[in-house]
Structure formats: structure tokens, C-alpha cells
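Chemist: My questions will all concern the structure given below.
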Amino acid sequence: MNLYEASNQWATRPPDERFFTVPEMLSACKRYFERACEATIPRSRLQVTADGSEVKLVGQDGGTAKLSYWAFSQLALKAHAPASYLRTLPAELVASCLNQGFLSLAQSRGKFDLMFHRTEDEHHQLPLPHAPSGNPLLLRAITTEKYTRIWNWEIADRLTEMVDQGWRVPPARPAHKAQPGTRVATEADALDGKGSLSINVGDLIAPAGLYASDHDIFAFLVFEKNRVKDNSSEGLSRGVFFENSEVGARSLRCTTFLYRHVCGNHIVWDSRKVVKLSIKHVGKARRKFSTFVLNMTKYAEASAKTDELRITRAIRKRIGRNKEEALSKLFSKLRYMVSLETLDEAFETAETNAHIDGDPLTAWGMAQGLTRLSQRTPFADERAQLDRVAGRVLRIGF
């Protein structure tokens, strides 16, 4: 299967959210953190007002704070109103609609946690702890008291430890013409001599793989040591995606995988053993985050022999003597997950790519056929189901 998450980031992020190195991204995330301040208010006190063409949050002393795009969406959700539609209306009408929606919170005993960013173009502020006098505010997030914030700089700081262990950001070509930061690739950027990256010395490269904004972070790193031997001459390397939001936009996510090749546009080709972990920003999220980091250290230091042994077992595990017997055995064990017609199509796909994926009569070859088939499937739920079936083929006995 191919992974497109990093490529989507590469194609869509604006220049000011792209970074070449982890220290650069860490510095940007720390600047957001250093200009942030937090406060807690009763849910019943939530109120906005119209100020010219803008809608602003009203503080306890009548002062106001501007709203980020994301914070406006969160406020609209609290008022049970569609944010996309409200953005098309005059500010006074929007404020009236939101305040009307907030009336449902009047009897609530809970509280909201507010996270602000100190800006320079507003003269009023809310009475908040740790907010220096005279600093204007922009509301970046409104969450419940149960929210456990993990700051983006904390993620970036941990990534520096991974870089010290030998992880690195794969180089990428410019996503746009005249992209800021574009330069010529050096020997330090280019191929590792094993074919896992597609950038050569002299190619144009630009900041990519590391992205951070006022609401989220995305990082793509690869580890080319301890390359895993499989059924091909190139073998497989380790890769990881990290995602986080300090404003409640998403959970902390970590996706680990083995891969064969990374394109200059950051498509990850022929990935294997894709494992997705997620931590919600509630409860013991910070403790779980520490476990995340420990697991990544083990992942980097793990010998390739463990993965190679599992792959070798799958390559040697024969499902049947011929196609009919193999499909019959598979369907008897997987009929609750997949149709016989789909298994037949996956077998033919595996057979076509046997020179890369191996014998389709083995668990390894059939699993690769299923993942290749999933990449041709237009619907996300069907792709996910086929990937689950592929994983199941590798685990069951025959």
C-alpha cells in the first residue's frame, strides 16, 4: 500500500508553515507557546459581540479578543450553528446567532478553558492570569476542562531526540514554482545509496516534511539504518508520521511503517506493517505521550532481524497448493470480512506483481495483493477493510 498523508501536506501547506529542520520547527512552535496565555471561564459567561466587520469574544470586564479561524469554528459548535454559513453573514447577525445559541449553556455548571495568543494590533484584553498588561489577545482555542493540552513544541522537542538517534526528514522537491527556501541538494540531502529516496545531488529541494501552524503540527521522518530484508533486492526502511494539535483540532497521532521508497513529493511507496496509534487530549494523555516516545526509541533501536523473521515466516507460509485451494482456505476463514470475488481479484493482482511481492500462494504474497487492491478502491471504508483483511492473512495459520 502507498501512504499519501505526507504528500498531501507537501502539496497544500503555505510557505510560512514549512521547515527544513526540526530545530527550525521547534523554534517556531516555541514562539507560539511563549506568546500564549490560558484562562478558565464559567460556561454561562460565554458571550461575543460585533466590532465593525469582526466578531469578538467578550471578557468579564467588557474587553474583547479577536477570534482565530479555528476558534470561531469551535464557538459555532458550542452554539450548535454551522460555522461555514455564519461566515457569510454580517458580524452583528453572527454575534446575535451565537449568543442565542450560548443561552443553552446558561444552566451549565461546567467551565471552558480558553487559550489566547498575544498579538499587537488590539488595545483591549480579558482579565486573565499571566497575561501582561497592555498585550492584546487572539482567541486560538476553546475547550472543556477535561482537555489535556500537549503543546506542539513538546512534540518537536522529542523529535530532536529522534534526530540524534539517526532519524531524518526525507528531502523533497519544491511543491510550487519559486517556493521560498528552495536550494540545491547536497550529498547530505541526497540518496543513501540504497534507493529508498529519490533526491540526487544537484536536484532542487525545498522545505518539506516538517509543518507547524497556529493550530497543528505534522512531521515525517525516516530511519534508514537496520534496513529490513524482504522479498526484494532493496529491502525496507522504517518511517513515522507524527501529528498533533494544541487547540483541539485532532488527537496526538503516531503512524509507524516500513517502506520501500519515498518520492520527491513525499508519497511513501510499498509500505508494510502500518501501525496507527492515537492519544486523545484527555485524562492521562501526557503519561501516554511519554510512553509514545519510549516506544519510538525502541522502534529505532530494534534489530531488523525481528521484522525480517516475521516477513520470512509470511513468505514461507503457503496457503494452498494452487489458486483454488488457496482461495477456498482463505474464504473459509475470512468469509465474515471479505467476499470470494474480492479474494479472487486480490490473488490475480498478487500474481501480476509476483516479481515484487512474491508468490500469491503464500501469506505474504496474498497480503500484498490485498493491499495493492485497496489502493485502487475509491472508498476509504472499503480500503480500510481490505487492509484489515491483509493483516489478518498474515496472522492466521493454514
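Chemist: Run down 39, 28, 50, 65 and say which single residue is assigned to a helix (DSSP H, G or I) and either surrounded by 16 or more Cβ atoms within 10 Å (Cβ to Cβ) or over 23 Å from the mean Cα position of the chain (by Cα) (or both).
Modeler: Details: 39 fails: assigned to a helix (DSSP H, G or I); 50 fails: assigned to a helix (DSSP H, G or I); 65 fails: assigned to a helix (DSSP H, G or I).
Just one listed residue meets the conditions, 28.
Chemist: Among the residues of the range 341-348, are any surrounded by fewer than 16 Cβ atoms within 10 Å (Cβ to Cβ), touching a helix residue (DSSP H, G or I) at 6+ places or on another chain (Cβ under 7 Å) and in a loop (DSSP other than H, G, I, E, B)? Can you show your working first?
Modeler: As a first pass, look at the range 341-348 and keep what is surrounded by fewer than 16 Cβ atoms within 10 Å (Cβ to Cβ): 341, 344-345, 348.
When the remaining residues are screened for being touching a helix residue (DSSP H, G or I) at 6+ places or on another chain (Cβ under 7 Å), the result is 344-345.
If we keep only those that are in a loop (DSSP other than H, G, I, E, B) too, we end up with none.
The answer is no; no qualifying residue exists.
Chemist: Considering only residues that are touching a Ser or Thr at 6+ places or on another chain (Cβ under 9 Å) and at pLDDT below 90, which ones fall in the range 130-146?
Modeler: Result: 135, 136, 137, 145.
Chemist: Can you confirm whether the range 84-97 contains a residue that is of a type in the set (Val, Ile, Thr), at pLDDT below 90 and not assigned by TED's automatic domain parsing to the domain that holds residue 239?
Modeler: No, every residue in the range 84-97 fails to be of a type in the set (Val, Ile, Thr), at pLDDT below 90 and not assigned by TED's automatic domain parsing to the domain that holds residue 239.
Chemist: Go through the range 1-24 and give me each residue that's farther than 29 Å from residue 384 by Cβ and of a type outside the set (A, V, I, L, M, F, W, C).
Modeler: Across the range 1-24, the qualifying residues are 14, 15, 16, 18, 21, 23, 24.
Chemist: If only one of 358, 369 is touching a residue at least 24 places away in the same chain (Cβ under 8 Å), within 19 Å of residue 2 (Cβ to Cβ) and touching a Phe, Trp or Tyr at 6+ places or on another chain (Cβ under 8 Å), which one is it?
Modeler: 358
Chemist: Of all residues in the range 187-228 being of a type in the set (Ser, Thr, Tyr) and at pLDDT 90 or above, which is nearest to residue 151 (Cα to Cα)?
Modeler: The extreme case among them is 213.
Chemist: Could you please find all residues in the range 354-368 being part of a helix (DSSP H, G or I) and either under 30 Å from the mean Cα position of the chain (by Cα) or under 18 Å from residue 333 (Cα atoms) (or both)? Walk me through it before giving the result.
Modeler: Step one: filter the range 354-368 for residues part of a helix (DSSP H, G or I), giving 354-357, 363-368.
Correct list: 356, 357, 363, 364, 365, 366, 367, 368.
The values are calculated or read from the model by the stated rules, or taken from the named source; none is laboratory data. Just so we're clear, the structure is a prediction, and the values are computed from it rather than from any experiment. When we count neighbours, we look across all protein chains shown, and the Cβ atoms used for this are built from the backbone with ideal geometry, even at glycine.
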